[in-house]
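The values are calculated or read from the model by the stated rules, or taken from the named source; none is laboratory data. Because the structure is a prediction, the values reported are computed rather than measured. Here the Cβ positions follow ideal geometry from the backbone for every residue, glycine too, while neighbour counts run over all protein chains shown. For accessibility, only protein heavy atoms count, side chains too; no ligands or nucleic acids. Shrake-Rupley method; radii C 1.70, N 1.55, O 1.52, S 1.80 Å.
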Amino acid sequence: MDPHADIPIEPASMSQATQARRTVVSVNILCTLGTRLGTPLSALLAGSSISPAQLQDPHLEITPEQELQVVHNLVRLQAGTPGLGLMAGLEYHLTTFGIWGYALITSPKFRDAVNLGLRYLDLTYAFSNIGFVEEKDLAAITLRADDLPPAIRTFVIERDASAVQVIQRELFGVAMPLKLIEFAHQPSCELARYEAIFGRTPTFGAPVSRIAFDASTMDIALPKGSPASAGLYEGQMQQLLSLRKQRGGTSAWIRNKLLANIASSPSLAQIASDHFMTERTLRRRLADEGTTFRDLLAEVRQTMAEELLVSTGLSVSEVSARLGYASTSAFIHAFQKWRNCSPRQFLEARTKEKQGQ
């Protein structure tokens, strides 16, 4: 088989890795790199709602969008730095990922570590869509970033690819030879930098970015493998991932965004642009959570409408303006759909309820 021939990209496991909350550890790594290169910390954190003091709390959870803001800042402010993503990826060690890293360390074989890592990719800091494809004598880890803005795709792919190389080296104790490495983008620095990290010169302009091993590598036993420990860690990862998704999720984040800006009622396209995502990506994430932007906007408007009518003494027209409606009649029509009554009838009914208590 020609190792450079394209293989079908049908990943055995794939994760968006951008739905669950994550700790601030990765942002701290990015900021440390940025400040080392001469960028002020305040500029790196701009727009992220993360304070310098919060960077020191390894347990602090943030949204993926907050980290993406820092990624965008770093890439923009260090646009002239060659191999920026490669540099960043070298800072991500197995211990960086907490329980996810320990679970991989205790996996019996490399194949087990890869499969486990992909199942719980949402517990990492990756922004690439990472998959695994095996065909004949080639086992490839694939990386895609099609849903991210073009300005940060190369950084994200190279950061995640470099981190993959660090992880496999730490799992084995030595760097296992790659059969090939390909990137869909063009080089971001001199080829010698890639060779130093990956042990061979990549091919650029490929259909998909991928890091490939000889298939036999997948069944090599890991030096610290312990099936019992790996099973214990997996149970803990299930609980942690469930908690992070309950506390976060795209719909919760957008709901909060709408509540904070209800008067201007930002569109889905505006929210996506503000957080360096495509509208299609944001729409798909909401669909995965069983909702739509229109449903969230209606939910937020209904909640706010009822609260404003009952607790503020504002008129119907004033509430309509506060909620960003183009006209009072449009607000009344929407309210009737929610409550099967007009805002005035709703307020009168609530007033009677309070008087009867």
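Just a few scattered comments:
- Residue match in region 124-135 (condition: touching a residue at least 40 places away in the same chain (Cβ under 8 Å), aliphatic (A, V, I, L, M), over 24 Å from residue 242 (Cα atoms) and surrounded by 17 or more Cβ atoms within 10 Å (Cβ to Cβ)): yes
- Listed here are the helices (runs of 4 or more DSSP H) enclosed by region 61-110 that have at least 2 residues being open to solvent by less than 20 Å² (accessible area, probe 1.4 Å), under 22 Å from residue 194 (Cβ atoms) and aliphatic (A, V, I, L, M): 64-77, 84-89.
- Some residue of region 22-33 being open to solvent by 50 Å² or more (accessible area, probe 1.4 Å) and modelled with pLDDT of 95 or more: yes
- Cβ-Cβ under 8 Å pairs, at least 6 apart or on other chains, region 163-181 side free of Cβ contacts under 8 Å to residues at least 12 places away in the same chain, far side aliphatic (A, V, I, L, M) and in a helix (DSSP H, G or I): none
- Test result for residue 166, within 24 Å of residue 103 (Cα to Cα) and not polar (S, T, N, Q): yes
- Of residues in region 306-325 being free of Cβ contacts under 8 Å to residues at least 60 places away in the same chain and among the charged types (D, E, K, R), the one surrounded by the fewest Cβ atoms within 10 Å (Cβ to Cβ): 307
- Region 193-211, residues that are closer than 10 Å to residue 180 by Cβ, open to solvent by less than 50 Å² (accessible area, probe 1.4 Å) and assigned to a loop (DSSP other than H, G, I, E, B): 202, 206
- Looking at 249, 231, just one residue is of a type in the set (Gly, Ala, Ser), at pLDDT 85 or above, closer than 20 Å to residue 121 by Cβ and out of contact with any helix residue (DSSP H, G or I) (no Cβ under 7 Å at 6 or more places or on another chain), and that residue is 231.
- Long-range neighbours under 6 Å by Cβ, at least six apart or interchain, first residue within 18 Å of residue 186 (Cβ to Cβ) within region 70-83, second assigned to a helix (DSSP H, G or I) and open to solvent by 40 Å² or more (accessible area, probe 1.4 Å): 83/193
- Some residue of region 174-183 being open to solvent by 60 Å² or more (accessible area, probe 1.4 Å), modelled with pLDDT of 95 or more, charged (D, E, K, R) and out of contact with any helix residue (DSSP H, G or I) (no Cβ under 7 Å at 6 or more places or on another chain): no
- Qualifying position, being modelled with pLDDT of 85 or more and assigned to a helix (DSSP H, G or I), among 352, 337: 337
- Here 159, 119, 144 are screened, and the one residue that is at pLDDT 95 or above, out of contact with any helix residue (DSSP H, G or I) (no Cβ under 7 Å at 6 or more places or on another chain) and on the phi < 0 side of the Ramachandran plot is 144.
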